[in-house]
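Novice: One structure, as structure tokens, below. Some questions next.
The values are calculated or read from the model by the stated rules, or taken from the named source; none is laboratory data. Predicted model only: the values in this text are computed from it and were never measured. Here the Cβ positions follow ideal geometry from the backbone for every residue, glycine too, while neighbour counts run over all protein chains shown.
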Amino acid sequence: MNIDTSGLLAKWTRRVLYFGLIAGVPVVAVAALLNQLFFSLALAVPLLLAANAFALASVDQMRRRFDDVDRLRDEIRHFGSNNARIYRNDTDFYADVRGSVARARESVWVSYIRQFRENAPRAEFERHLEACFEWARSDSRHVFRRIMSNGTAAEPMTTGRLFGEQQLQYVAAAEAGGFNYLAKVLTWMPMHNTDSYSMILIDDEEFYFVLSGAEDEFWALHVNSRNLAAGPLRDRFNHLWHDAHSLRAHYEGRCECDV
Ligand SMILES: [Zn+2]
Ligand SMILES: [Zn+2]
């Protein structure tokens with residue numbers, strides 16, 4: 001198999017630079033302005049120190065993200081083509097995802113978090129949403145969890161409704177019908193620029209990993225690995241799940257989201 005590691009690295013480097021710019025420039029600008037206004041080093045020095053500490057904390061966070069990717073890449077190297085597959089288009093990707101969901105015995109956990117909102121409805125994506133709902137409804141032992149961002153919640157569907165509204169209807173149907181279909185919203189923050197990947201975890205046995213770049217980029221990976229699915233990716237999902245708020249709270253305005 002052939003993974004475009006240099007492309008992946010370049011993309012992550014861009015994200016780090018981007019975050020450094022948006023976080024660093026205003027802090028330094030404010031410090032410089034204050035310094036000019038008051039000619040006071042007493043004000044500027046603590047500000048610059050604080051900016052520095054913030055930058056160091058961010059770098060540490062970045063490094064952990066890079067470690068995640070390195071670990072993933074190492075793990076993938078050990079797999080033959082039978083255990084891993086790369087997708088460059090969403091048609092093949094969703095076809096395989098539907099197969100995995102249909103075979104799942106206990107849990108399907110999905111995160112759909114991206115920086116860029118899709119403005120056009122996508123038939124493949126909507127078939128995937130229905131398949132997940134049907135899987136959850138077919139057996140009360142099935143547990144389905146979905147995390148979306150406030151941006152993706154606002155994506156339009158072919159019915160004209162928004163993705164988040166449709167998901168809220170699924171959640172309400174599950175509550176009424178006594179099956180497990182849960183959905184939460186993660187408030188988008190600049191820090192998540194480094195986190196804009198989506199995951200699908202199936203039964204702690206296999207996972208899909210989607211990196212979202214610009215609107216026209218698609219890169220996804222499917223790996224059968226208990227080591228990864230039951231380990232770091234499950235932890236990562238649980239962390240996001242904990243940070244997210246309920247879809248109902250989102251639509252009742254009881255959250256920090258702008259939209
Ligand atoms: Zn967090
Ligand atoms: Zn919200």
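Novice: Go through segment 59-175 and tell me which strands (runs of 3 or more DSSP E), entirely inside it, have 3 or more residues that are surrounded by 19 or more Cβ atoms within 10 Å (Cβ to Cβ) and modelled with pLDDT of 75 or more.
Specialist: 107-112, 143-149
Novice: I want to confirm something. Restricting to segment 225-247 and keeping residues that are surrounded by 15 or more Cβ atoms within 10 Å (Cβ to Cβ) and among the basic types (K, R), which single residue is farthest from ligand 1 (Cβ to nearest atom)?
Specialist: R234
Novice: Something else: Residue check, Y181 against (1) assigned to a helix (DSSP H, G or I); (2) at pLDDT 90 or above; (3) among the hydroxyl-bearing types (S, T, Y), all met but one. Which one?
Specialist: Here Y181 meets the rest and fails (1).
Novice: With respect to the numbered conditions (1) within 14 Å of ligand 2 (Cβ to nearest atom); (2) in the same structural domain as E106 (by TED's automatic domain parsing); (3) at pLDDT below 95, which one is the sole condition not fulfilled by D258?
Specialist: Single failed check for D258: (2).
Novice: Looking at (1) surrounded by fewer than 19 Cβ atoms within 10 Å (Cβ to Cβ); (2) touching a Lys or Arg at 6+ places or on another chain (Cβ under 8 Å), find the lone condition where D258 falls short.
Specialist: (2)
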